[in-house]
Amino acid sequence: MALLEVKNLSIDLGEFHLRNISLTVEKKDYLAVIGPTGSGKSVLLEAIAGFYPTKAGRIILDGRDITTLPPEKRGISIVYQDFMLFPHLNVFDNIAFGLRKITSSKVEIEREVKTIAEKLHIDHIFHRKVSTLSGGEKQRVAIARALVVRPRILLMDEPFSALDEKTRENLRAIVKKAVREYDTIHDTAVVHVTHDFEDVFALANKVVVMNAGKVVQIGTVEDIFCKPTSDFVADFVGTNFVRGKVLESSDITAVRVGNVVIYTTDVAKPGIEVTLSIRPEAIILARELGESSAQNILPARVMKIRKRGHLLWLILDVDGLMLRAVITPNAAELLGIKEGVKLYTMFKASNVRVVG
Ligand SMILES: Nc1ncnc2c1ncn2[C@@H]1O[C@H](COP(=O)(O)OP(=O)(O)OP(=O)(O)O)[C@@H](O)[C@H]1O
Ligand SMILES: [Mg+2]
């Protein structure tokens with residue numbers, strides 16, 4: 001049985017409408033919710049948590065219809081971007097807050113708080129006031145507080161976006177391990193709203209893409225990023241699609257795309273037209289040709305640089321072929337990347353998919 005089923009859910013919030021949302025979350029799923037700003041990701045999360053009356057549709061958790069249950073009776077915890085800790089309580093009491101409503105046993109509270117705090121590496125700061133904590137520590141306290149009450153499902157709304165890049169990476173690893181252990185023991189799942197594709201690649205096994213209050217695609221990470229079903233999703237996730245003619249296919253397949261030849265490890269019949277997908281993260285940039293195991297090494301010129309989230313997106317002109325690539329601001333500075341600069345793009349044949 002699925003853990004969570006949202007069936008044809010519609011919600012009206014003044015001007016904004018969540019329309020006919022259906023999705024299923026299985027036990028142990030890590031579902032990422034992505035989409036442009038204002039598409040309704042937070043509203044969807046809060047609707048599942050029970051903060052808005054539904055206009056139509058049902059929400060089923062563990063086989064139980066929770067559509068009209070108040071938030072506190074749903075067995076759902078939610079973690080926000082801005083931590084929302086109780087400033088007057090120390091770390092231990094913040095984590096124990098919800099647990100104290102469930103049990104008055106001091107021994108049990110102590111044991112449960114300790115167990116979850118150890119997993120999140122915050123068991124050494126129980127006495128600290130939350131105002132003295134770093135952002136990464138605050139968010140771990142918020143996650144511990146959410147998990148200690150043993151929710152049937154954990155919802156997180158951009159939990160890492162207030163943190164710097166280093167802390168985010170670190171926290172991703174800690175949360176991944178802690179949540180996985182928790183999910184395995186308690187047979188639960190996570191729904192995580194994010195703008196950061198790194199979260200999706202590192203954590204999720206399933207992705208929902210939203211636009212204008214609707215779900216536009218649900219699938220595996222590979223489905224969404226390599227086989228988007230609409231121009232909207234393709235554009236939003238930034239996947240490069242190119243069309244070309246298969247020249248030959250033996251160990252490796254060569255495809256002529258305009259003026260260039262692109263190699264893929266997927267097989268295809270010589271002579272036919274195919275569409276190839278290349279993820280922008282798979283494209284490595286270099287100013288000079290060094291040794292590389294990449295089968296695709298092509299000179300390019302930087303046409304456009306756009307900041308998106310924490311990363312820079314580049315539009316590259318590869319001998320008439322336009323490709324998108326992403327790079328961190330640090331790497332861009334190191335490579336002296338500016339509009340008009342010439343460089344090399346390298347990507348492995350194993351990172352090129354034949355999608356149609
Ligand atoms: N309580 C509310 N009443 C009326 N409108 C609301 C309410 N909450 C959100 N909205 C509107 O619903 C739309 C979707 O908001 P939502 O916060 O879900 O977007 P989002 O996808 O989470 O965006 P972001 O990526 O910026 O967080 C927005 O236009 C917002 O202004
Ligand atoms: Mg939001």
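So, in segment 84-105, how many residues would count as being touching a Ser or Thr at 6+ places or on another chain (Cβ under 7 Å) and surrounded by 15 or more Cβ atoms within 10 Å (Cβ to Cβ)?
First pass over segment 84-105, keeping only residues touching a Ser or Thr at 6+ places or on another chain (Cβ under 7 Å): 87.
Going one step further and asking which of them are surrounded by 15 or more Cβ atoms within 10 Å (Cβ to Cβ), we end up with none.
Total satisfying the criteria: 0.
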Exercise for the section: Determine whether segment 206-221 contains at least one residue that is more than 19 Å from A47 (Cβ to Cβ), assigned to a helix (DSSP H, G or I), in the same structural domain as I76 (by TED's automatic domain parsing) and modelled with pLDDT of 90 or more. Expected result: yes
Practice task
Kindly check whether there is at least one residue in segment 64-76 that is in contact with a helix residue (DSSP H, G or I) (Cβ under 7 Å, 6 or more places away or on another chain), among the small types (G, A, S) and within 23 Å of V33 (Cα to Cα).
Solution key: no
Practice task
Sort through V79, V149, V141 and tell me the only one that's within 24 Å of I185 (Cα to Cα), within 26 Å of the chain's Cα centre (by Cα) and within 16 Å of ligand 1 (Cβ to nearest atom).
Solution key: V79
Problem - Answer from D183, D123, D199 - the residue that is within 16 Å of ligand 2 (Cβ to nearest atom) and either assigned to a helix (DSSP H, G or I) or modelled with pLDDT of 95 or more (or both) - result: D199
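Please determine, by comparing only the residues of segment 126-148 that are among the hydrophobic types (A, V, I, L, M, F, W, C) and part of a helix (DSSP H, G or I), which one is farthest from N90 (Cα to Cα).
L147
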Exercise for the section: Among the numbered conditions (1) over 20 Å from H310 (Cβ atoms); (2) modelled with pLDDT under 90; (3) not in a loop (DSSP other than H, G, I, E, B), tell me where E291 comes up short. Expected result: (3)
Problem - When residues of segment 245-260 are limited to those that are polar (S, T, N, Q) and assigned to a strand (DSSP E or B), the one modelled with the highest pLDDT - result: T253
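Per-residue answers, yes or no, for (1) among the hydrophobic types (A, V, I, L, M, F, W, C); (2) within 27 Å of E339 (Cβ to Cβ); (3) assigned by TED's automatic domain parsing to the domain that holds L343:
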{"position": "V246", "(1), (2), (3)": "yes, no, yes"}
{"position": "D251", "(1), (2), (3)": "no, no, yes"}
{"position": "A268", "(1), (2), (3)": "yes, no, yes"}
{"position": "V274", "(1), (2), (3)": "yes, no, yes"}
{"position": "R279", "(1), (2), (3)": "no, yes, yes"}
{"position": "I283", "(1), (2), (3)": "yes, yes, yes"}
{"position": "W313", "(1), (2), (3)": "yes, yes, yes"}
Problem - Breaking point among (1) within 26 Å of V179 (Cα to Cα); (2) within 16 Å of ligand 2 (Cβ to nearest atom); (3) touching a helix residue (DSSP H, G or I) at 6+ places or on another chain (Cβ under 9 Å); (4) not basic (K, R), for L45 - result: (3)
Practice task
For residues that are closer than 15 Å to F241 by Cβ and part of a strand (DSSP E or B), tally how many sit in segment 261-288.
Solution key: 8
Problem - Tabulated pairs, segment 33-49, first at positive phi, second near ligand 1 (Cβ under 8 Å from one of its atoms) and not in a strand (DSSP E or B), C-beta under 7 angstrom, 6+ apart or interchain - result: G35/K41; G40/G213
Fill in the blank from the handout: Taking segment 162-171 and keeping residues closer than 18 Å to A204 by Cα and either surrounded by fewer than 19 Cβ atoms within 10 Å (Cβ to Cβ) or within 16 Å of ligand 1 (Cβ to nearest atom) (or both) leaves E169, N170
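Residues are listed down the side, and each one gets a yes or a no for (1) within 25 Å of F232 (Cα to Cα); (2) among the basic types (K, R); (3) out of contact with any Phe, Trp or Tyr (no Cβ under 8 Å at 6 or more places or on another chain); (4) at pLDDT 95 or above:
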position	(1), (2), (3), (4)
H17	yes, no, yes, yes
F51	no, no, yes, yes
P70	no, no, yes, yes
D93	no, no, no, yes
F97	no, no, no, yes
T115	no, no, yes, yes
Exercise for the section: Determine if segment 57-75 includes at least one residue that is away from ligand 1 (no atom under 16 Å from the Cβ), β-branched (V, I, T), over 24 Å from the mean Cα position of the chain (by Cα) and surrounded by fewer than 16 Cβ atoms within 10 Å (Cβ to Cβ). Expected result: yes
Practice task
Look through P159, P151 and report the one residue that is in a loop (DSSP other than H, G, I, E, B) and either free of Cβ contacts under 8 Å to residues at least 40 places away in the same chain or surrounded by 23 or more Cβ atoms within 10 Å (Cβ to Cβ) (or both).
Solution key: P159
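The values are calculated or read from the model by the stated rules, or taken from the named source; none is laboratory data. Source: prediction; values computed, not measured. Positions of Cβ are backbone-derived with ideal geometry, glycine not excepted, and every protein chain shown enters the neighbour counts.
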